[in-house]
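A quick write-up on the structure given underneath.
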Amino acid sequence: MVKHDLWQVVRVLPTDYSDYGGMVERWADETLDYPDCSSGCKYWRPLHDLERDSADGDWGVCLNKNSLRAGLLTWEHQTGRDCFEK
């Protein structure tokens, strides 16, 4: 599977950042932090990149059972606000 094919199956939720189809406008409030999965969230697990035989830096799965993205394929910058945890 080519990486861009993942965009054909990724599920977009209203709680995702608007740049990726959701309703959360990232940086709308300068007093708030807007982390994302690749900023070190302990629940984000990268997929395996077969071409490099290592962890994929872009795509992963959310393992936070309390998150709306739990178990879902997730782009590294797609979400984070209100579910990110270090």
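A short reminder: the numbers here are calculations on the coordinates, not readings from a lab. This is a predicted model, so every value here is computed, not measured. When we count neighbours, we look across all protein chains shown, and the Cβ atoms used for this are built from the backbone with ideal geometry, even at glycine.
Quick notes on this one:
- Neighbourhood net charge (9 Å Cβ-Cβ; Lys/Arg +1, Asp/Glu -1) for Thr15: 0
- Listed peptides 46-55, 68-77 by packing density, highest first (mean Cβ within 10 Å): 68-77, 46-55
- Spin-label model distance (nm) - Glu30 vs Lys42, 7 Å beyond Cα toward Cβ: 3.3
- For the chain, the direction-averaged projected area of the alpha-carbon convex hull comes to 5.7 nm².
- When +1 charges are put on Lys and Arg Cβ atoms and -1 charges on Asp and Glu Cβ atoms, the dipole computed for the stretch 3-75 relative to its Cα centre reaches about 400 debye.
- The packing ranking of peptides 9-18, 29-38, highest mean first, is 9-18, 29-38, where packing means the average number of other beta carbon atoms within 10 angstrom of each residue.
- Amide proton proximity set for Leu47, modelled H, under 5 Å, gap of 5+: Asp56, Trp59, Gly60, Val61
- Both radii come from the Cα set of the stretch 24-72: Rg as radius of gyration, Rh as Kirkwood radius; their ratio Rg/Rh reads 1.07.
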